[in-house]
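One structure is given below, encoded as structure tokens.
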Amino acid sequence: MSVSTPTVNTVLGPVPADELGVVQVHEALLSVVPGAEYAFDIRIDRAEIFEILAARLKDFREHGGGTVVDSTGMFHGRDVRLYETLSRATGVHIVASTGQGPEEMLGGYFLTPQTNPPTPWPAEKFADLFTKEITEGMVVPRVERRGAAGLVAATATAEGMTATDESLFRGAARTGLATGVAVSIRYGNDPVHDLEIVLDEKLPAGRVVVGGLDRKDAVATGASLEVARRGAYVALDHVGAEDDAHLTDAERASLVVELVRAGFGDRVLLSSSATGVAKGHPANDLPYHHVLTAFVPRLRELGLGEEDVRRILVENPRDLLSAR
């Protein structure tokens, strides 16, 4: 009996998972604050945006990169046709995502459906919305659907998960169950609690990645180890960040080694949350290759072997993104 080859949904269609190469699993290509495209002082020039993103992606490829996951979800500037052209022009696989959040970034349509009294969208409506972006294609507003999303991304409110956030997370989990596509969650103020919400929907932990686990508040509670023990992926996805909220790269590298030595090397993912082009908010201007060129050498200096490096950069994201 033949065994089917795992595939990953990219903007150019499904590709064999083994062809992804080095993957940056939590990045942004075009990131637009919802509504900013209508502001008088915001200029959206798609030709200019293409040139900037193409240069950044080619740079990533020249430094050994293979795949960039745009994990921004539905309404933050995602441009499927632009991403198709970029992928063809640069040779970099692009995985786009469905999903939403946090609540403060949702339009009123998703907060006050036509009920009396108004209530947040229920989980099943979010699940239907996200699932169709995988089974029928991602929405290109008012025009068509194109391509299948390769990740479901949900984000909780920083001060703590709201009722609407919980609906989002449960809807994302149900989408993961229905489609076999992995779920990425960015926690509010309690990563283990927020992970438990999606696991409560019977989504296997191995189909979930928890982002932001290099935030200082997460590290203070030992959340990365706890998330890994539950079987989910640990995303240290602010590599290169220089701010008060996150670890330094030196501290982050030590955490990676700690996780590997604790037996969780198969649960670690790395990314920079870099922004190719930002509109309406400051960009994180790190190059997509920062993990490869600036951070991986730190891991090697701390004694991490090539097998572990490959597992973290290639095999773990491949296994996460493979549709099942």
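Structure summary
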item	result
Options 205, 182, 154; residue that is in contact with a Phe, Trp or Tyr (Cβ under 9 Å, 6 or more places away or on another chain), under 30 Å from residue 256 (Cβ atoms) and surrounded by fewer than 22 Cβ atoms within 10 Å (Cβ to Cβ)	205
Long-range neighbours under 7 Å by Cβ, at least six apart or interchain, first residue under 8 Å from residue 188 (Cβ atoms) and touching a residue at least 40 places away in the same chain (Cβ under 8 Å) within the range 152-163, second polar (S, T, N, Q) and assigned to a loop (DSSP other than H, G, I, E, B)	158/189
Of all residues making up the range 133-149, the number that are crowded, with 17+ Cβ neighbours inside 10 Å and over 12 Å from residue 73 (Cβ atoms)	3
Matching entry among 237, 244, 190 (being charged (D, E, K, R) and closer than 18 Å to residue 151 by Cβ)	237
Qualifying position, being among the hydrophobic types (A, V, I, L, M, F, W, C) and surrounded by 24 or more Cβ atoms within 10 Å (Cβ to Cβ), among 213, 199	213
Qualifying residue in the range 2-21 (condition: over 13 Å from residue 288 (Cβ atoms), touching a strand residue (DSSP E or B) at 6+ places or on another chain (Cβ under 8 Å) and free of Cβ contacts under 8 Å to residues at least 60 places away in the same chain)	yes
Count of the range 277-293 residues which are in contact with a helix residue (DSSP H, G or I) (Cβ under 7 Å, 6 or more places away or on another chain) and either in a helix (DSSP H, G or I) or at pLDDT below 95 (or both)	3
Cβ pairs under 6 Å, 6+ apart, first in the range 78-107 and closer than 20 Å to residue 163 by Cα and crowded, with 24+ Cβ neighbours inside 10 Å, second hydroxyl-bearing (Ser, Thr, Tyr) and at pLDDT 95 or above	101/155
Identity of the residue in the range 222-259, of a type in the set (S, T, N, Q) and out of contact with any helix residue (DSSP H, G or I) (no Cβ under 8 Å at 6 or more places or on another chain), that ends up surrounded by the fewest Cβ atoms within 10 Å (Cβ to Cβ)	248
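The values are calculated or read from the model by the stated rules, or taken from the named source; none is laboratory data. Quantities reported herein were computed from a predicted structural model and do not represent experimental measurements. Because the Cβ atoms are built from the backbone with ideal geometry, glycine has one as well, and the counts that use them run over all protein chains shown.
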